[in-house]
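Since every read-out is calculated from the coordinates, none of them should be taken as a lab result. Note that the coordinates shown come from a computational prediction; the quantities given were computed from them, not determined experimentally. Heads up, the Cβs are rebuilt from the backbone with ideal geometry, glycines too, and the neighbour counts pull from every protein chain shown.
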Amino acid sequence: MRKYIFITGGVVSSLGKGLTLASIAMLLEKKGFKIAMLKLDPYLNVDPGTMNPFEHGEVYVTDDGVETDLDLGHYYRYTTAPLSRASTATSGQIYDTVIKRERHGDYLGKTVQVIPHITDEIKKRIVACGEVSDAEVVLVEIGGTIGDIESLPFLEAIRQFRYERPQDCLNIHMTYVPYLKAAGEVKTKPTQHSVQTLRSIGILPDLILCRCESSLSTEIKEKISLFCNVPAESVFDEVDADTSIYEVPLMLERQGVTERICKQLGLECSQIDLSEWDAIVETIKNPKGTVTVGIVGKYLQHQDAYKSVFEALQHGAIAAGYALQIKSLESDKASDIEGCDGYLVPGGFGERGWEGKLEAAKYCRSQKVPYFGICLGMQVLVVEFARSVLGLSNANSTEMEPQAQEPIISLLSEQENVEDMGGTMRLGAYPCLLKEGSKAHAAYGSKNISERHRHRYEFNNRYKELAQKNGLQLSGTYEEGNLCEIAEIKDHPWMVGVQFHPEFKSRPTMPHPLFRDFVKAMVEHHEKKAHS
Ligand code: GLN
């Protein structure tokens, strides 16, 4: 029988539920179980694609082109669970499905209600997630915090779900156990209240995971056990990881979390080898040195806005054995930009900071400092090259200047003079053919790759020949329409721009080749600086 693990959060938000569930999933996967993961989000947006990254963090894109919550990025980094449309659902989508069905007359005149119609649709999605990938264990994260009005239908749905499959479900509740300095002790009361609220909805947690600053004593765990009706062996702590989030699975396994989960679900629990993850944490703890990367972006105050980019950089640093320092650059002034070992311009929309990004690209190109441009960052590389090297001082992206005289980045419809065709996003995975001899080809070590997209504007092929003749290598193309996917500066140690988002496909155990080579180029630049 397929098993289901649900995780809910209480006391405060941002406890790292997604990351914790991903860690548990990774451990179960290592133990040989085929897993699937699902994120249920209580907000009413039909997808997070239109949500402000300031507020919501990064939009993570799957191969099948779904714009999802950033927690799916954690799932990708820790596991090999297939991620698709079936891995995510928001209240907005669920209501949308039910209301459309009602409009279609499918409910035959019945009163349509949260219970059972919304809850049925939620349950259907949970079942579907396991079915599409034929998983043995489905791990489901309920977004939000216990006590929120929004998440009630989800909680009711998982209560019913368990009632229907009592042997096959397990509930994990994650809480926060704060240390009160004034009292000189940790406080379990918020956890007690959170579990009380959960129980009043009809959900009895099987496992309580307490986020805390330092390990909880047996006494505290026993107290939580008594007040929350959970055996003391099922109360675990998750101490704030001091070095890296990649310590979390190690921490959980050491305490026997998955052993407990397996026992309760009647699954066989084998010993696993975590030396690969131990080595990752070891490398992070004992780096050979530090390199500094400047990120020139727009949403830098929000630490999750470029989550996958930061993680992928970290993976590259792990491969190089270096520590990585990230410098956020939002200035338009060239003098504020200088000094880092390399620069990354991430994806983005709109004009803000555009000129500052161009300055960064100019600095990198002329000073031969490593540069990695992602999506908008590739467009920056191309526009700067056109202005400085091709002598097209009016070159621009039509996103920033709709009437640009030299629209080297434009909508496909503008390139073809077709009205009303542009405007829709190119989303999800597309194949790309790499040119031999390019830096991209050297990184991937293969000619055929597939990467995920989320953009509207493209390199304008009208400028292709001119650009190539003058030292811009167009090293990756999507054959249909001959779209340029990768542009590199030829006479440069490492200046690569990609129209896609490689950061979505990087893992600590398998750093993305472009991030790996970018960090390597930064290390080389750093050493050269040190010796000159
Ligand atoms: N705004 C640019 C476009 O739509 C880049 C998008 C991005 O960086 N994700 O093409």
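Below are the figures for this structure:
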read-out	value
Test: residue in segment 3-22 that is surrounded by fewer than 24 Cβ atoms within 10 Å (Cβ to Cβ), basic (K, R) and over 14 Å from the mean Cα position of the chain (by Cα)	no
Among the candidates T258, T292, residue that is touching a residue at least 24 places away in the same chain (Cβ under 8 Å), outside any loop (DSSP other than H, G, I, E, B) and surrounded by 21 or more Cβ atoms within 10 Å (Cβ to Cβ)	T258
Residue that is touching a helix residue (DSSP H, G or I) at 6+ places or on another chain (Cβ under 7 Å), within 21 Å of M400 (Cα to Cα) and surrounded by 16 or more Cβ atoms within 10 Å (Cβ to Cβ), where the choices are Y444, Y457	Y457
Qualifying residue in segment 339-358 (condition: surrounded by fewer than 15 Cβ atoms within 10 Å (Cβ to Cβ) and within 19 Å of V519 (Cα to Cα))	yes
Residue within segment 212-224 that is in contact (Cβ under 8 Å) with a residue 24 or more places away in the chain, loosely packed, with under 15 Cβ neighbours inside 10 Å and among the acidic types (D, E) present	yes
Test: residue in segment 334-355 that is away from the ligand (no atom under 15 Å from the Cβ), in a strand (DSSP E or B) and not aromatic (F, W, Y)	yes
Every residue from segment 477-507 that is over 18 Å from K362 (Cα atoms), crowded, with 23+ Cβ neighbours inside 10 Å and away from the ligand (no atom under 16 Å from the Cβ)	S506
Any hit, segment 139-148, residues being more than 21 Å from V46 (Cβ to Cβ), more than 26 Å from the chain's Cα centre (by Cα) and among the polar types (S, T, N, Q)	no
Some residue of segment 116-125 being over 22 Å from F500 (Cβ atoms), in contact (Cβ under 8 Å) with a residue 60 or more places away in the chain and among the β-branched types (V, I, T)	yes
Filter result (buried (at least 20 other Cβ atoms within 10 Å of the Cβ) and part of a loop (DSSP other than H, G, I, E, B)) within segment 136-177	G143, G144, T145, I146, S151, V177
Qualifying residue in segment 423-436 (condition: in a loop (DSSP other than H, G, I, E, B), within 21 Å of L514 (Cβ to Cβ) and away from the ligand (no atom under 12 Å from the Cβ))	yes
Those residues of segment 144-175 which are touching a Ser or Thr at 6+ places or on another chain (Cβ under 7 Å) and of a type in the set (G, A, S), in sequence order	G144, G147, A157
Total residues in segment 377-391, condition more than 16 Å from the ligand (Cβ to nearest atom) and either of a type outside the set (A, V, I, L, M) or free of Cβ contacts under 8 Å to residues at least 60 places away in the same chain (or both)	4
Residues being among the basic types (K, R) and in contact with a helix residue (DSSP H, G or I) (Cβ under 7 Å, 6 or more places away or on another chain) - total across segment 215-235	1
Condition check for I122: surrounded by 14 or more Cβ atoms within 10 Å (Cβ to Cβ), hydrophobic (A, V, I, L, M, F, W, C) and touching a Ser or Thr at 6+ places or on another chain (Cβ under 6 Å)	no
Hits in segment 356-398 - residues which are out of contact with any strand residue (DSSP E or B) (no Cβ under 8 Å at 6 or more places or on another chain) and part of a helix (DSSP H, G or I)	L358, E359, K362, S366, Q367, E384, S388
Meets criteria (part of a loop (DSSP other than H, G, I, E, B) and surrounded by 14 or more Cβ atoms within 10 Å (Cβ to Cβ)) for C269	yes
Residue within segment 215-237 that is on the phi > 0 side of the Ramachandran plot and among the polar types (S, T, N, Q) present	yes
Options I409, I374: the member that is touching a residue at least 24 places away in the same chain (Cβ under 8 Å), within 16 Å of the ligand (Cβ to nearest atom), under 24 Å from G57 (Cα atoms) and of a type outside the set (D, E)	I374
